[in-house]
1. Scanning for something outside the structural domain of LEU257 (by TED's automatic domain parsing) and within 15 Å of ILE274 (Cβ to Cβ), does segment 104-122 turn up at least one residue?
2. Could you please find all residues in segment 22-39 being at pLDDT 95 or above, closer than 15 Å to ALA300 by Cβ and not in a helix (DSSP H, G or I)?
3. Taking interchain pairs and intrachain pairs at least six residues apart, which have beta carbon atoms under 9 angstrom, with the first residue in segment 168-187 and free of Cβ contacts under 8 Å to residues at least 40 places away in the same chain and on the phi < 0 side of the Ramachandran plot and the second among the hydrophobic types (A, V, I, L, M, F, W, C) and in a helix (DSSP H, G or I)?
4. Filter the helices (runs of 4 or more DSSP H) completely within segment 51-151 down to those with at least 3 residues that are touching a residue at least 40 places away in the same chain (Cβ under 8 Å) and buried (at least 22 other Cβ atoms within 10 Å of the Cβ).
5. Looking at VAL268, is it outside any loop (DSSP other than H, G, I, E, B), touching a strand residue (DSSP E or B) at 6+ places or on another chain (Cβ under 6 Å) and at pLDDT 90 or above?
6. Quick check: is even one residue across segment 254-267 crowded, with 16+ Cβ neighbours inside 10 Å and among the charged types (D, E, K, R)?
7. Starting from segment 272-286, keep only residues that are within 10 Å of GLY104 (Cα to Cα), then list their pairs with residues that are of a type in the set (D, E, K, R) and buried (at least 24 other Cβ atoms within 10 Å of the Cβ) whose Cβ atoms are within a distance under 7 Å, requiring at least 6 positions of separation or different chains.
Amino acid sequence: MTSRNGKPLVITAGEPAGVGPDLCLALAETRWSNKIVVIADRDCLDARARQLGVENSLEILNQPLSNPTVCGTPDPANAESLLAGLKRAVAGCVEGQFSGLVTGPLQKSTINDAGFPFSGHTEYLAELTSISTPVMLLVADSMRVALASTHMPLRQVSDFLTRGRLRDVIKVLHADLVNKFSIPDPELVVCGLNPHAGENGHLGEEDAAIIEPVIAEFRRNGMNIRGPLPADTAFTPAAGHADAVLAMYHDQGLPVLKYAGFGNAVNVTLGLPIIRTSVDHGTALDIAGTGQADAGSMTAAVALAAKMSGV
């Protein structure tokens, strides 16, 4: 296994009952095939290859599952192995064995059903690397959308968004646009939390009390940042160019990006000491093993991780 810098990317196949194995097998037919190693159950990938009528030529680090895989039916008994595979991949990145990590989709509910608290890759990888402020960024071509909060109920978002937390997110976003995306002076647009960015306090106080002062602070320090802009116009051409838009919560920013680039978008976790990208979709249990899975997002995730890491 070789790459330009001698260190391959590591892929975790994700939920074995979903399309993750299908997507990994599709990578064997791409130009990245000799630059990746996959952490997965070898028997599972071999069985999926036979089911799809393709050859399994991937380099695999075997991570055995407790129970055999049935397409479309996740098994909580396999959750511990899946999390162990993630730990193995992260440790390999931290130790310099791998250039970066690309993750296949996991079924969060199945991992929770097994008794493991798991709200998503973003939070779990931050825990593994002892990072307090991971930032979720979705990328589709030139559009980049980051989130000030990630996987939480909407009623908790307002209390979560303190000045300190928002300040930390913006610092991480700005730093990684510079260091991982090689944008020397990134321009950021920040969405308001409330409709019309609060309408001067008539539609909520958070925009004026929390978001505006933080933006003003960064502007005084020379950062190229604007907002808070009403979210319903922040993504339009009228808002002007931005290297990234910061949305306040998950479903404020991601519907726009996924509409613009679904199937080719990439999820990136910023703030980690490693490079991590992922597909922009879920496990697609209903089409696992049918040959219908679109590998576009997985291929894009590998390509972006390779670009960021110099593979």
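The values are calculated or read from the model by the stated rules, or taken from the named source; none is laboratory data. All of these numbers come straight from a predicted model, not from anything done at the bench. In this analysis, Cβ positions are derived from the backbone assuming ideal geometry, glycine residues included, and neighbour counts consider all displayed protein chains.
1. Of segment 104-122, the ones outside the structural domain of LEU257 (by TED's automatic domain parsing) are 104-122.
The next check asks that each one be within 15 Å of ILE274 (Cβ to Cβ); those that pass are 121-122.
There is at least one residue in segment 104-122 that is outside the structural domain of LEU257 (by TED's automatic domain parsing) and within 15 Å of ILE274 (Cβ to Cβ).
2. ILE36
3. Going by the 9 Å Cβ cut-off, the qualifying pairs are LYS171/PHE218; PRO184/VAL178; ASP185/VAL178.
4. Working: elements: 79-94, 108-113, 121-128.
Per the criteria, 79-94, 121-128.
5. Numbers: outside any loop (DSSP other than H, G, I, E, B): yes; touching a strand residue (DSSP E or B) at 6+ places or on another chain (Cβ under 6 Å): yes; at pLDDT 90 or above: yes.
Answer is yes for this residue.
6. yes
7. THR283/GLU15
Listed here are the residues, each with its yes/no results for (1) under 24 Å from VAL256 (Cα atoms); (2) aliphatic (A, V, I, L, M).
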| residue | (1), (2) |
| --- | --- |
| TYR124 | no, no |
| ILE131 | no, yes |
| ALA148 | yes, yes |
| ILE170 | yes, yes |
| CYS191 | yes, no |
| GLU199 | yes, no |
